[in-house]
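Okay, structure first, notes after.
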Amino acid sequence: QKEVEQNSGPLSVPEGAIASLNCTYSDRGSQSFFWYRQYSGKSPELIMFIYSNGDKEDGRFTAQLNKASQYVSLLIRDSQPSDSATYLCAVISNRGSTLGRLYFGRGTQLTVWP
Amino acid sequence: GAGVSQSPSNKVTEKGKDVELRCDPISGHTALYWYRQSLGQGLEFLIYFQGNSAPDKSGLPSDRFSAERTGGSVSTLTIQRTQQEDSAVYLCASSSRGTSGDTQYFGPGTRLTVL
């Protein structure tokens, strides 16, 4: 079982719509969750992190965490063509031997069409 | 520095040659990570440094790969006798302490092509 699973997509939404990106993780002890955005040919850039159950909002982005279900999601409201990128879900290992290691999902490719 | 820097940005080499990739983390960050991303693949963890020591090097794919970090700052990833399957983008990241919850910031990467 992979540590972090994401729908690989591609996900295509029209401009102005809500894009919903989902991620599940296997390590129940994980405490820290991250969403990175990666444009083609570029390195990942951090969008949001979330540590507590519930929602965390930052502008058009909302991260949602449900530790009981081992599920984390990212909602992008009012999607723009500039949001078109691959979104990577990442979970930090809480295990002694791999403490601090980021486990990444394979990423979900999002296309926002005008 | 303002961000994580890596050099070279691109490296083309012939099969069997050795290569060195360099990472300069954000000033003051004690934790440094190397990942690689192959075409169409996810990010694969290679090695993690806390200061100059590497408590987790379990991701190194073979003994041809090695890494060191000196002065708690710059790190070098060395690939000996390169193979075509080593072609990938090698990404370095740093975080302030390396503990669970620490945000990792990525450098621009080095694109390695082995002919």
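So the values come out like this:
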{"quantity": "Karplus 3J(HN,Hα) series, Hz, for segment A:106-114 with 6.51 cos²θ - 1.76 cosθ + 1.60 (x for Gly, Pro)", "calculated": "6, x, 10, 7, 10, 10, 10, 9, x"}
{"quantity": "Inter-label distance, nm, simple model (7 Å from Cα along the C-beta direction), B:T113/A:L46", "calculated": "3.3 nm"}
{"quantity": "Built amide H within the under 5 Å cut-off of A:S32, gap 5+", "calculated": "A:I92"}
{"quantity": "Nearest-0.05 FRET efficiency for A:D78 and B:V74, computed from C-beta distance (R0 41 Å)", "calculated": "0.45"}
{"quantity": "Label-zone membership for segment B:70-88, site B:V12, 7 angstrom Cα→C-beta point, backbone N under 18 Å", "calculated": "B:82-88"}
{"quantity": "Sparse-neighbourhood loop sites, trypsin sites (Lys or Arg not before Pro) in segment A:17-75 - DSSP loop, at most 14 other Cβ within 10 angstrom", "calculated": "A:R28, A:K42, A:R60"}
{"quantity": "Size of electric dipole in the protein assembly as shown: Cβ of Lys, Arg +1 and of Asp, Glu -1, about Cα centre, debye, nearest 20", "calculated": "300 debye"}
{"quantity": "Two-site FRET efficiency, B:S5 against B:N52, from Cβ-Cβ distance with R₀ of 30 Å, rounded to 0.05", "calculated": "0.95"}
{"quantity": "Low-density loop cleavage sites - trypsin sites (Lys or Arg not before Pro) in segment B:9-115, where at most 16 other Cβ are within 10 Å (DSSP)", "calculated": "B:K15, B:K17, B:K57, B:R64, B:R81, B:R97"}
{"quantity": "Centre separation in Å (Cα based) which lies between segment A:1-42 and segment B:24-43", "calculated": "19 Å"}
{"quantity": "Distant-in-sequence amide H partners of A:C23 (H built 1.01 Å from N, under 5 Å)", "calculated": "A:V72"}
{"quantity": "Cα→Cβ-extended label distance, 7 Å offset, between B:Q84 and A:S8, nm", "calculated": "2.2 nm"}
{"quantity": "Cross-link partners of B:K11 among aspartates and glutamates (Cα-Cα below 20 Å; sequence separation of 8 or more within a chain)", "calculated": "B:E20, B:D24, B:E44, B:E68, B:E85, B:D86"}
{"quantity": "Under the Karplus curve 6.51 cos²θ - 1.76 cosθ + 1.60, θ = phi - 60°, whole-Hz ³J(HN,Hα) for segment B:52-69, x wherever Gly or Pro sits", "calculated": "9, 9, 10, x, 9, 10, 5, x, 4, x, 7, 6, 6, 9, 8, 8, 9, 9"}
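Values quoted throughout were computed directly from the atomic coordinates according to the rules given, and no laboratory measurement underlies them. None of these values were measured; they are calculated from a predicted model. Here the Cβ is made from the backbone with ideal geometry for all residues, glycine too, and neighbour counts use every protein chain on show.
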